[in-house]
Amino acid sequence: MRLLTHNMLSSNIKGVTNGFPLRIEVEKVVEKSVDFNPDFLKNMFAKIEYKALVEASRIMGYAELPDHAEPSMLESDDFLRKFHHALMELHLEEGTLVCPETGRRFPVNKGVPNMLLHEDEV
Amino acid sequence: MPFQSLNFFAASNVLGGLTRKHITLFTGCPLPRDRFTTSVQGARILNKKEMAVRQASLGGVDVDLETKTNVEKLKRGIAEFYDESSGIWEDIWGDHMHHGFYDPNSTVSLSDHRAAQVRMIEEALKFASVPEDPMKKPKSIVDVGCGIGGSSQYLARKYGTECTGITLSPVQAERARALAAAQGLENKVSFEVADALNQPFPDGKFDLVWSMESGEHMPEKAKFVNELARVAAPGARIIIVTWCHRNLSSSEQSLNPDEKKLLDKICDAYYLPTWCSTDDYVKLLQPLSLQDIKAADWSEYVAPFWPAVIRSALTWKGITSLILSGWKTIKGAMVMPLMMKGYKKGLIKFAIITCRKPE
């Protein structure tokens, strides 16, 4: 699971009003090389929650991403490359995503998160 | 050749004539009957906070306990069916688990079917007027009921953007991921095991909400449609391509008993809840403040599909694969002639329903 995916997942358990972002518990992180595509990254920047990405990347072991970002920073190659690395190249292979309100744990196995809710959670 | 045709029709009729009783006797396990009601609910798309409040205030009595249990059984059945059957389908048909789109009355060979499946995607996008202009094209896509990711891959490649797919089947999600990686699309497509009725996304996330032949599995159509609308971003297109039964006339309350009997057999084998009509989908979308709601009957454009699937099942490869797969898959194969019968009678419709969320 890349952090781009993590940035769009939230906990929809009954009664939860703010299930985003899911807390990450790491068991296995894999870094995968991905082609650098500045246009794609610029499009994505508008769509993601940057703060959640920064926090998540730190937990995944990458501390280079600046705490705050403005769209103007997308012109900087240095920032774009860090953004690219955090968003696209850090993969959670094994671990858990945790609902920030209820603590409910959603497993991630072989890079695939299982977000299915139990009967009493819907 | 005449002899082969005779075999094909004989086999089809024998298969189609098998009833639940035969299957129950043969396997020794009774098949569950599941009944799900569809109802028109609500006048707006509920966002997550509103849904939470509504559920809390209703004390969770939206759905009674028996129905809830049936829904859980259905979901497990769907997951297990696809866990078991995806491999054999992929082996013979490839990564698109949906009907092909054909010119009416055309004759098609086996090699044309893959192109027809791709055409189905393109025709659906065209019907919904999804923009191709670089400024207006979709920048984020969700594939609801993604199978092994055929549509996700295609859409991500076509629009050069990211797509995420959800499926109840862990086997499919894992396979989808592997296939995408093999195509070099691992950075553009992702997959999660999740429920279309409770999508794990915040509101308004996706510019294109895609449901290609998964709607027929959804037990609570109103909830399904509400979720599609909820995760759609302003200006997004929602595309539903699904199996429906014929629209009821104004004097009808329901399908006639023979029609229900035919659909019941299909439901048991494919883990489908009660069917609804294309009109029902339109009625569910209308109160949600969505624009450009369009619907069409594409049954004539998919006519060659089921005969082709049956033919592929009756090949040596098809039969040996079925025997090796599992009972769920075999049962699914056995009701294929009933799908043909349903289409021929005008009972089963291949429907497309699309709309747009306002900006």
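Exactly one residue out of B:SER214, B:SER190, B:SER254, B:SER277 is buried (at least 24 other Cβ atoms within 10 Å of the Cβ), among the small types (Gly, Ala, Ser) and away from chain A (no Cβ under 13 Å), and it is B:SER214. Evaluated against (1) at the interface with chain B (Cβ under 9 Å from one of its Cβ atoms); (2) under 18 Å from A:PRO21 (Cα atoms); (3) modelled with pLDDT of 95 or more, A:LEU117 falls short on exactly one condition, (3). Pairs linking a residue in segment B:120-142 that is under 21 Å from B:SER190 (Cβ atoms) and polar (S, T, N, Q) to a residue that is open to solvent by 30 Å² or more (accessible area, probe 1.4 Å) and modelled with pLDDT of 95 or more, with Cβ atoms under 6 Å and 6 or more positions apart or on different chains, are B:SER140/B:ASP207. Among the residues of segment B:296-317, those identified as modelled with pLDDT of 90 or more and open to solvent by less than 50 Å² (accessible area, probe 1.4 Å) are B:ALA296, B:TRP298, B:SER299, B:VAL302. Taking segment B:148-166 as the range and being crowded, with 22+ Cβ neighbours inside 10 Å and within 9 Å of chain A (Cβ to nearest Cβ) as the test, the residues that pass are B:GLU162, B:THR164, B:ILE166. If you check B:ASP279, B:ASP264, B:ASP268 for being modelled with pLDDT of 95 or more and part of a helix (DSSP H, G or I), only one passes: B:ASP279. For A:LYS42, indicate whether it is under 21 Å from B:ARG157 (Cβ atoms), open to solvent by 10 Å² or more (accessible area, probe 1.4 Å) and in contact with a Pro (Cβ under 9 Å, 6 or more places away or on another chain). Here the answer is yes, as A:LYS42 does meet what is asked. Scanning segment A:6-35 for residues that are among the small types (Gly, Ala, Ser), surrounded by fewer than 20 Cβ atoms within 10 Å (Cβ to Cβ) and at the interface with another protein chain (Cβ under 8 Å from one of its Cβ atoms) turns up just one, A:GLY15.
Residues in segment B:257-274 that are open to solvent by 50 Å² or more (accessible area, probe 1.4 Å) and more than 17 Å from B:LYS331 (Cα to Cα): B:PRO257, B:ASP258, B:LYS260, B:THR274.
Here is a yes/no grid of residues against (1) in a strand (DSSP E or B); (2) of a type in the set (S, T, N, Q); (3) open to solvent by 10 Å² or more (accessible area, probe 1.4 Å):
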site: B:PHE201; (1), (2), (3): no, no, no
site: B:VAL209; (1), (2), (3): yes, no, no
site: B:LEU228; (1), (2), (3): no, no, no
site: B:GLY235; (1), (2), (3): yes, no, yes
site: B:ILE239; (1), (2), (3): yes, no, no
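On the basis of being assigned to a loop (DSSP other than H, G, I, E, B) and among the acidic types (Asp, Glu), does B:GLU192 make the cut?
No: the conditions fail for B:GLU192.
In segment A:49-68, the qualifying residues are those that are closer than 30 Å to B:LEU46 by Cβ and more than 10 Å from chain B (Cβ to nearest Cβ), and the one that is most open to solvent (accessible area, probe 1.4 Å) is A:LYS51. Among the criteria (1) more than 20 Å from B:TRP243 (Cβ to Cβ); (2) open to solvent by less than 30 Å² (accessible area, probe 1.4 Å), the one B:TRP93 does not fulfil is (1). Does B:ALA222 fit the bill of being over 14 Å from the mean Cα position of the chain (by Cα) and crowded, with 24+ Cβ neighbours inside 10 Å? When the stated conditions are applied, B:ALA222 does not pass them.
Looking across segment B:167-187, the residues that are outside any helix (DSSP H, G or I), more than 8 Å from chain A (Cβ to nearest Cβ) and within 19 Å of B:SER140 (Cα to Cα) come down to B:THR167, B:GLY184, B:LEU185. Looking across segment A:104-114 at every residue that is open to solvent by 30 Å² or more (accessible area, probe 1.4 Å) and farther than 28 Å from B:THR67 by Cβ, the one that is farthest from the other protein chains (Cβ to nearest Cβ) is identified as A:ASN109.
Within segment B:100-113, one or more residues are in a helix (DSSP H, G or I), open to solvent by less than 10 Å² (accessible area, probe 1.4 Å) and more than 14 Å from chain A (Cβ to nearest Cβ).
The values are calculated or read from the model by the stated rules, or taken from the named source; none is laboratory data. What you see is a predicted model; the values in this text were computed from it and never measured. Please note: Cβ atoms are built from the backbone with ideal geometry, for glycine as well, and neighbour counts cover all protein chains shown. Surface areas here come from the heavy atoms of the whole protein model, side chains and all, with no ligands, DNA or RNA. Shrake-Rupley method; radii C 1.70, N 1.55, O 1.52, S 1.80 Å.
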